[in-house]
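Chemist: Once you've had a glance at the structure underneath, I'll fire off some questions.
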Amino acid sequence: MNVRLHGILPEGLGMHFMHHGNRMDLSPDTPVEVDVAEGETLTLVQDPPLTSKWKVLAALGIVITAPLQAALHFGDTKWDDVMPYRLGAVLRPTKDGSCTVQVTKSNKALHPPKLEITGDGVALEKSTCEPVPQVLHQAFFIHMCRVFGMLLWALVLFGALLYVAVTHQIYGAAAICAVVALALVLVCGYIGMDSRKVLRQDLERLGKIGGKHANT
């Protein structure tokens, strides 16, 4: 049997089908075609959060490109606007056909997304939606890497200006550089504490929401 698979997914969700150990990424424009023998199933899975190794590499990349990160994410204060859930499904093809996998984000923050499988020739055997707090931890980690990456670049800049000002005995400019650098440290420290508070509140809310849906 030949099955054509489409995907309408939020950006960065990392959902894909696995068949005989082969990964098949979904796209709304280019369908994935797969030949399935009678009785076989297709497994829809989602990429897990980053491992410690990849977190370190991501942190290095973010800090090195901090000015670019700041330009791309300027004004983006909703770092926790993520879907902290792991979706999965098992599909059983019954004939030649096509199906579309669509994931719709909930309008309510931290609520489970909606997974829809539409089309002909494919039956949905099982679907799962489990809360994954690590997604929130990862979003917080990336957010703080951006914040302190920009702080590091700013301190290097103002440190260089301070050195030049002191060297040329321009003490007024040196004082301004020192004050601005200290202010940046205090601001980033406040952002870090506030973001940690948001993370703690989100984790508590996710636990309550996940518990409610588990009991329904």
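The values are calculated or read from the model by the stated rules, or taken from the named source; none is laboratory data. Here the structure is a predicted model, which means the values were calculated and not measured. FYI the Cβ positions are ideal-geometry reconstructions off the backbone, even for glycines, and counts take in every protein chain you see. These accessible areas exclude ligands, DNA and RNA; they are computed on the full protein's heavy atoms, side chains included. Shrake-Rupley method; radii C 1.70, N 1.55, O 1.52, S 1.80 Å.
Chemist: Considering only the other residues whose Cβ falls under 15 Å of the Cβ of Ser127, what net charge follows from Lys and Arg at +1 and Asp and Glu at -1?
Modeler: +1
Chemist: With the cut-off at 26 Å, tell me which of the pairs Lys53/Lys105; Lys114/Lys208; Lys126/Lys208 have Cα atoms farther apart than that.
Modeler: Exceeds cut-off: Lys53/Lys105.
Chemist: Report the charge-dipole magnitude of the stretch 1-106 in Debye, nearest 20, computed about the Cα centre from +1 at each Lys and Arg Cβ and -1 at each Asp and Glu Cβ.
Modeler: Here the stretch 1-106 has a charge dipole of around 320 debye.
Chemist: Still on this model: With every protein chain kept in the model, how would you rank Ser98, Ser52, Ser127 by accessible area, 1.4 Å probe, largest at the top?
Modeler: Ser52, Ser127, Ser98
Chemist: Counting GluC sites (Glu not before Pro) as exposed when in a DSSP loop with at most 15 other beta carbons within 10 Å, what is the longest stretch of the chain free of them?
Modeler: Counting only loop sites that pass the neighbour cut-off, the longest clear stretch is 41-216.
Chemist: Among (1) 60; (2) 45; (3) 55, which one is percent of Cα pairs over 23 Å apart computed from these coordinates?
Modeler: (1)
Chemist: Under Stokes-Einstein, with the Kirkwood radius over Cα pairs standing in for Rh, what whole-number D in µm²/s applies to the stretch 1-115 at 25 °C and 0.890 mPa s?
Modeler: The diffusion coefficient I find is 148 µm²/s.
Chemist: Which value in deg cm²/dmol, rounded to the nearest 500, describes the helix-derived mean residue ellipticity at 222 nm for the chain, given -39,500 (n - 2.57) per DSSP H run of n ≥ 4 and division by the residue count?
Modeler: -16000 deg cm²/dmol
Chemist: Which listed residue (Val32, His73, Met15) has the Cα farthest towards the positive end of the charge dipole for the chain, taking +1 on Lys and Arg C-beta and -1 on Asp and Glu C-beta about the Cα centre?
Modeler: Comparing the listed Cα positions along the dipole, His73 ranks first.
Chemist: Then there's this: So if I place +1 on the C-beta of Lys and Arg and -1 on the C-beta of Asp and Glu, and nothing else carries charge, what would the dipole magnitude of the stretch 88-155 be about its Cα centre? I want it in debye, nearest 20.
Modeler: The dipole of the stretch 88-155 has a size of about 200 debye.
Chemist: Going by Cα centres, the stretch 164-202 and the stretch 3-52 are how many Å apart?
Modeler: Result: 46 Å between the Cα centres.
Chemist: Can you give the accessible area of Trp54, probe radius 1.4 Å, in Å² rounded to 10?
Modeler: Approximately 150 Å² of Trp54 is accessible to the 1.4 Å probe.
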